[in-house]
1. Quick one: Cα centre-to-centre distance for the stretch 180-240 and the stretch 84-134, in angstrom?
2. Go ahead and run the numbers for FRET between LYS25 and LEU209, Cβ-Cβ distance against an R0 of 35 Å, rounding to 0.05.
3. What full-extension length gain, to one decimal in nm, is calculated for GLU77 and LYS239 as 0.36 nm per residue of separation minus the Cα-Cα distance?
4. In nm, to one decimal, how far is the modelled label at ILE53 from the one at GLU144, with both set 7 Å along Cα→Cβ?
5. Fully extended, how many nm does the chain gain between ASP228 and VAL152 (0.36 nm per residue separation, minus their Cα-Cα distance)?
6. Once both labels are modelled 7 Å past Cα along the beta-carbon direction, what's the ALA64-LEU160 spacing in nm?
7. Over every pair of different alpha-carbon atoms in the stretch 2-239, take the mean of 1/r and invert it; report that Kirkwood radius in Å.
8. So which trypsin sites (Lys or Arg not before Pro) in the stretch 154-204 end up in coil per DSSP with only 13 or fewer other C-beta atoms within 10 Å?
Amino acid sequence: MKNLIILIIVVLGVCVPVIAQDEIKMETHFDFYSQYVWRGQSVVDEPVFQPSISALYKNLTFSAWGNLETTKVNDKEWKFTEADFTIDYSNYFSKEMPKIGYSFGLINYDFPNTDFDNTTELYAGINIEMFLNPYIKIFRDIDEVDGTYVSVGISETLWLGLEGAAILGWGDRGYNDSYWGSNNSKANDLVLSISRPIEYKGMKLVPSLSYIRLMDKDLGSIGNDGNDTVVLGFSLVKKF
């Protein structure tokens, strides 16, 4: 957390004089999910509320996200058990078709009301705006976890406004040892999702359905549902 605070102070010290003369865009999300599964791990087996807010200035984004437990399943009813803070820079290598973009940034994971240690990841990714919109993003923990996680995905608009996505996650030996107790590099999780954004009076409602599967039985299970589970979600998005 200390490193993140220092970074925020440096970024603000450099950018605020310029930003004050330009436009900052804000975006809020109010997300509800039937359970909280992160990279194949069952964090909360019952419904959660996950609000977030982002400030966007040109190619730079700062965001704060939280996980609020809504039941007594972990004896944390109506308490935040995770707060993530992200600084991201995104741009294009080429604006010609197909557009090839890149991003890099930092995520600090804070776990209030729990016994978990805070940690920090650096990440970098590349995406291509073309059919299936493929991307790859690499996350490297520089704090509590000596490991790397890689996310590879595709997404596409289908029919009747439906949006589909598929994401495959892979962890190296250090990552899997820290999070799963498995001393091997392997494909960890597969996520197949479908959503339908609905625009209404400057707001957007996004119902979604996700199928999540662990790719290796040695990693354990997702909650009480074995190696796969289904998560239902509703997101309310507002831009300012």
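No lab work stands behind these numbers, since they all come straight from the coordinates. Treat the numbers as computed from the prediction; the structure is a model and nothing was measured. All Cβ positions, even for glycine, are placed from backbone atoms using ideal geometry, and neighbour counts span all protein chains on display.
1. After rounding, the separation between the Cα centres reads 17 Å.
2. On the way: r = 29 Å, r/R0 = 0.83.
Efficiency, from the Cβ-Cβ distance: 0.75.
3. Numbers: separation 162, 0.36 × 162 = 58.32 nm, distance 2.93 nm.
Stretched fully, the GLU77-LYS239 segment lengthens by 55.4 nm.
4. With each label point 7 Å from Cα toward Cβ, the separation is 2.6 nm.
5. Numbers: separation 76, 0.36 × 76 = 27.36 nm, distance 1.90 nm.
Separation in residues times 0.36 nm, less the Cα-Cα distance, equals 25.5 nm.
6. 4.0 nm
7. On the way: mean 1/r = 0.0517 Å⁻¹.
For the stretch 2-239, inverting the mean 1/r across all distinct Cα pairs yields 19.3 Å.
8. Values: sites: ARG173, LYS186, LYS201, LYS204; in loops: LYS201.
The qualifying sites are LYS201.
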